[in-house]
1. State all residues of segment 188-205 that are crowded, with 22+ Cβ neighbours inside 10 Å and either touching a residue at least 60 places away in the same chain (Cβ under 8 Å) or of a type in the set (A, V, I, L, M, F, W, C) (or both); if no residue qualifies, say none.
2. Based on this model, can you work out whether Lys73 counts as assigned by TED's automatic domain parsing to the domain that holds Thr132, charged (D, E, K, R) and touching a strand residue (DSSP E or B) at 6+ places or on another chain (Cβ under 7 Å)?
3. Go through segment 262-293 and give me each residue that's modelled with pLDDT of 95 or more, touching a strand residue (DSSP E or B) at 6+ places or on another chain (Cβ under 9 Å) and of a type in the set (D, E, K, R).
4. Quick one: which of Gly226, Gly163 is touching a Leu at 6+ places or on another chain (Cβ under 7 Å), at positive phi and either touching a residue at least 12 places away in the same chain (Cβ under 8 Å) or of a type in the set (Phe, Trp, Tyr) (or both)?
5. Condition check: of a type in the set (S, T, N, Q), crowded, with 17+ Cβ neighbours inside 10 Å and touching a Leu at 6+ places or on another chain (Cβ under 7 Å). Does Asn50 satisfy that?
6. If we scan segment 15-27, do we find a residue that is in contact (Cβ under 8 Å) with a residue 60 or more places away in the chain, in a strand (DSSP E or B) and either in contact with a helix residue (DSSP H, G or I) (Cβ under 8 Å, 6 or more places away or on another chain) or farther than 21 Å from Val182 by Cβ (or both)?
7. Look at segment 261-283 and say how many of its residues are of a type in the set (Val, Ile, Thr), within 27 Å of Leu336 (Cβ to Cβ) and surrounded by 19 or more Cβ atoms within 10 Å (Cβ to Cβ).
8. Within the group Ile180, Ile195, Ile173, Ile253, which residue is modelled with pLDDT of 95 or more and either out of contact with any helix residue (DSSP H, G or I) (no Cβ under 8 Å at 6 or more places or on another chain) or in a helix (DSSP H, G or I) (or both)?
Amino acid sequence: MKEALLYIKNKDKSVNCELCSHFCKINKNCTGICGVRRNIDGKLYALNYNRIIANNVDPIEKKPFFHFLPESKTYSIATIGCNFQCSNCQNWQISQIQRLEKLDNEFPGELMTSEQIIKEAIKSKSKSISYTYTEPTVFLESAYPIMKLAHKNNLKNVWISNGFMSRKCLDLIIPYLDAINVDLKFFSNDQYKKIAKASLDPVLENLIYLKKKKVFIEVTTLLIPGETNVKSQIQNIAKFIKENLGADTPWHISRFSPEISYQLLSRKQTSSEELQNAYIIGKKIGLNYVYLGNVAIDLRENTYCPECEALNIERQGYIITRSDKNGHCQNCNYYLNIINK
C-alpha cells in the first residue's frame with residue numbers, strides 16, 4: 001500500500017478524501033466508498049497500489065475507442081475497486097470484490113512497478129496504455145506515475161471511466177491524459193442514485209471540463225431495458241453531447257446482457273429495436289458518429305463520412321478495414337475526427 005494522493009488530514013485523525021466527487025470523510029480505521037482507500041491512524045492509504053488484478057493486450061476498439069488510434073493495440077491494466085456500485089456492472093468480480101469479501105490490508109493482484117508495465121506495453125507493440133476494467137480514479141496512485149512514464153516512452157494514455165473524479169484529480173492527470181471514454185449511464189440523477197449509488201451532475205461537469213482542456217472524448221451509454229428510457233434519456237444525452245462536446249464526438253450505445261451483470265440478472269437483454277431507435281434519435285439530434293455495441297452483426301459499427309456518406313472504416317468484430325486517408329474521407333476529404341498518432 002502507499003499513502004494516498006489528494007486528501008486532507010483532520011485533527012481528530014479523520015481525513016477528507018478529495019479524489020472523487022463523493023468527497024468521503026473517512027474516520028480512523030475506516031475506508032471510503034470505493035473500499036480501497038483506508039484511514040490508518042490519521043493517514044489515508046491506497047491499499048490497491050501497484051496490485052494489478054488484470055493486464056491484457058487488447059484492440060483499442062474493445063475499450064471502446066473508434067476514433068482514437070484505430071486498428072492499434074493497447075496495453076490494459078486495472079486494480080480492484082470502484083467508487084460506484086452499479087447493479088449492471090459487467091466486471092463486478094474485480095470492481096466489487098472489496099465489498100463481497102473481507103479483505104485485509106494485503107489486496108489481491110500482481111505487484112507490478114510502473115517500469116514493468118511500460119516494458120510490457122512496449123514489448124506488446126501497443127501504442128497506448130488503457131486504464132480500464134475497473135474505475136481508474138480509484139487506482140490513481142498506481143496510474144499517475146505510469147502515465148508520466150508512458151509519455152516519456154511515446155505511449156498514449158487512455159482512461160475508460162465513469163467520469164466521477166474530482167476536479168483536483170482531473171487537473172493532476174490531464175497533462176498526461178490523451179483520450180477518455182466516459183460512461184454516461186443515464187440523464188437522470190434519480191437513476192444514477194438507484195443504479196450506481198452516485199450522481200449525474202459531476203459527470204456532466206467533468207465532460208465539459210475535459211472538452212475545454214482538449215482531451216479527446218468518446219462517450220458510452222449502456223441501454224438497460226426498464227432503466228434507460230429511450231425517448232427521453234437517450235434524447236437528452238444526445239442533445240448534451242452535441243451542445244457541449246460537439247457533433248463529432250463518437251457515441252457508443254451498447255446492448256445490456258443480464259447474464260453477466262452484477263445484480264440485474266432477471267432483466268431482459270436490450271432488443272435490436274431499442275438499439276435501432278436509440279441510434280435514430282442520436283442521428284436525428286445531429287451526432288455524426290453513433291455506434292451500436294455488443295451486437296453480433298450490425299453495420300452501425302462502421303464509420304461513414306457525415307458529408308458524403310462514404311464508408312471509411314469497416315468493423316467486423318475486431319477485424320478493421322480502413323479506407324480513409326489519414327483520418328479524412330477517402331471520397332471528399334472531410335475530416336473524420338480521427339486521431340492517428
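1. Restricting attention to segment 188-205, the residues satisfying the condition of being crowded, with 22+ Cβ neighbours inside 10 Å are 192, 195-196, 198, 203.
Hits for segment 188-205 are Ile195, Ala196, Ala198, Val203.
2. Values: assigned by TED's automatic domain parsing to the domain that holds Thr132: yes; charged (D, E, K, R): yes; touching a strand residue (DSSP E or B) at 6+ places or on another chain (Cβ under 7 Å): yes.
Here the answer is yes, as Lys73 does meet what is asked.
3. Of everything in segment 262-293, just one residue is modelled with pLDDT of 95 or more, touching a strand residue (DSSP E or B) at 6+ places or on another chain (Cβ under 9 Å) and of a type in the set (D, E, K, R), namely Lys283.
4. Numbers: Gly226 fails: touching a Leu at 6+ places or on another chain (Cβ under 7 Å).
Unique residue meeting the criteria: Gly163.
5. On the way: of a type in the set (S, T, N, Q): yes; crowded, with 17+ Cβ neighbours inside 10 Å: yes; touching a Leu at 6+ places or on another chain (Cβ under 7 Å): yes.
Criteria met by Asn50.
6. From segment 15-27, those in contact (Cβ under 8 Å) with a residue 60 or more places away in the chain are 18-23; that's our starting set.
Next, from what is left, pick out any that are in a strand (DSSP E or B): 20.
Filter once more, keeping what is either in contact with a helix residue (DSSP H, G or I) (Cβ under 8 Å, 6 or more places away or on another chain) or farther than 21 Å from Val182 by Cβ (or both): 20.
Yes - at least one qualifying residue is present in segment 15-27.
7. The first filter runs over segment 261-283 and keeps only residues of a type in the set (Val, Ile, Thr), leaving 270, 280-281.
Right, trim to within 27 Å of Leu336 (Cβ to Cβ) and you get 280-281.
Applying the additional criterion that residues be surrounded by 19 or more Cβ atoms within 10 Å (Cβ to Cβ) yields 281.
Counting residues in segment 261-283 that are of a type in the set (Val, Ile, Thr), within 27 Å of Leu336 (Cβ to Cβ) and surrounded by 19 or more Cβ atoms within 10 Å (Cβ to Cβ) gives 1.
8. Details: Ile180 fails: either out of contact with any helix residue (DSSP H, G or I) (no Cβ under 8 Å at 6 or more places or on another chain) or in a helix (DSSP H, G or I) (or both); Ile195 fails: modelled with pLDDT of 95 or more; Ile253 fails: either out of contact with any helix residue (DSSP H, G or I) (no Cβ under 8 Å at 6 or more places or on another chain) or in a helix (DSSP H, G or I) (or both).
Going through Ile180, Ile195, Ile173, Ile253 in turn, the sole match is Ile173.
The values are calculated or read from the model by the stated rules, or taken from the named source; none is laboratory data. Note that the structure is predicted; figures quoted are calculated from it, not measured. No Cβ is skipped: glycine too gets one built from the backbone with ideal geometry, and neighbour counts run over all protein chains shown.
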